[in-house]
Amino acid sequence: MSRVDISAVWDRATEFLGDNLATLIPVAVPWIYLPLVVQSALAPLAKTPGPLAIGVQVAAFGLTLVGIWGQLQVLALAIDPARGAGSARAQATAGILPVLVITLVLGIGAILLATPIGIALGVAGVDLQALMRASETGATIPPPAGMTPAIAIFMLVYVVVLLVALLWLTARLLLVNAVLLAEGSWFAAIGRSFALTRGRVLALIGVLLLFAIVSFVATLAAQTVFGAIFALILGGEGPVTIASVLAAALVAIVSTAFTLLSAAFIGKFYVAARAQEAIGTA
């Protein structure tokens, strides 16, 4: 199979976004943007003790599901813009269960791959609960007495290998959701994604790294700048203030834009990979 031209895919993705804004905005605003705003605005309440934190966490989970549903609608439109918003909504509704199931299975697999790190920490005598509390409070934890050079070297090597493996797997599994939507398969989507990304793994890894860095920097910059400006002008005390809500609303614009771009790229890459596959088997 011939290789997919990544530059051409980016061009088609940006062209799709520009040509279909009228269709995408009614999807993105209620199903992607607003859930992000509410999640970000209420996130500080999840750290407060009591039933309120549990309620916020449950609400955040529900909003995450809504956001995934919205992203699947955009992905369906990117694969076939002619289908229209109604058809994309129906396809996203039909595909959200297999997407969640496959995501859960892959997440469990990632946790299992990271299990040796937890075992090594346990052997070294690390108190994981104290470590989590310290990460929240900023406190320092002295090195555990059982941390030997051998364990430290093992953990360092394993983490590096694991990160490389996860990055490679992320690139190979990039098209799983697109396959689930377009082809209606379940676990077979994993193999299909491997087949459709063959020969472009390094290019996709480069795209993933670049996209992650740019989106992280842009989101962090927006959060820092807008948060500081609104806090200076409006002030306020407590975990949720007018300043924090306004900052969350503006930061969500940046996050939504990158979400749309990501879905558009994946959809157009899937279309291009299918086209190259058809040429190769003709």
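Relative contact order, whole percent, for the chain stands at 33, derived from Cα pairs under 8 Å and 6 or more residues apart. Taken one residue at a time, the phi angles of region 215-228 give Karplus couplings (6.51, -1.76, 1.60, θ = phi - 60°) of 5, 5, 5, 5, 5, 5, 5, 4, 5, 5, 5, 5, x, 5 Hz. Gly and Pro are set to x. So I have [x] 80, 44, 35; [y] 84, 51, 36; [z] 64, 53, 31, and one of them is Cα extents along the principal axes in Å calculated from this model. Which one is it? Given [x] 80, 44, 35; [y] 84, 51, 36; [z] 64, 53, 31, the structure-derived one carries the label [z]. Across region 15-122, the relative contact order, built from alpha-carbon pairs under 8 Å that are at least six residues apart, equals 25 percent. Here the simple spin-label model places points 7 Å from the Cα toward Cβ, and for Leu156 and Thr14 these points are separated by 4.2 nm.
For the chain, the 222 nm mean residue ellipticity estimated from helices alone, with every DSSP H stretch of n ≥ 4 adding -39500 (n - 2.57) and the total spread over all residues, rounds to -27500 deg cm²/dmol.
Here r is the Cβ-Cβ distance between Thr103 and Ala124 and R0 is 45 Å; the resulting FRET efficiency, rounded to 0.05, is 0.90. Between Trp186 and Ile233, what's the calculated FRET efficiency when r is the beta-carbon distance and R0 is 45 Å? Round to 0.05. E between Trp186 and Ile233, to the nearest 0.05, is 0.30. Between Ala90 and Phe211, the contour length at 0.36 nm per residue exceeds the Cα-Cα span by 40.7 nm. Among Arg192, Arg83, Arg12, the residue with the largest mean-square fluctuation in a Gaussian network model of the chain, with springs joining Cα atoms closer than 10 Å, is Arg83. Carbon and sulfur together cover what percent of the accessible area of the chain at a 1.4 Å probe radius? After summing per-atom areas, the C and S share lands at 73 percent.
Excluding ligands, DNA and RNA, the accessible surface per residue across region 1-118 is 52 Å² with a 1.4 Å probe.
The values are calculated or read from the model by the stated rules, or taken from the named source; none is laboratory data. Quantities reported herein were computed from a predicted structural model and do not represent experimental measurements. Here the Cβ is made from the backbone with ideal geometry for all residues, glycine too, and neighbour counts use every protein chain on show. Protein only, heavy atoms only, side chains kept; ligands, DNA and RNA dropped before computing areas. Shrake-Rupley method; radii C 1.70, N 1.55, O 1.52, S 1.80 Å.
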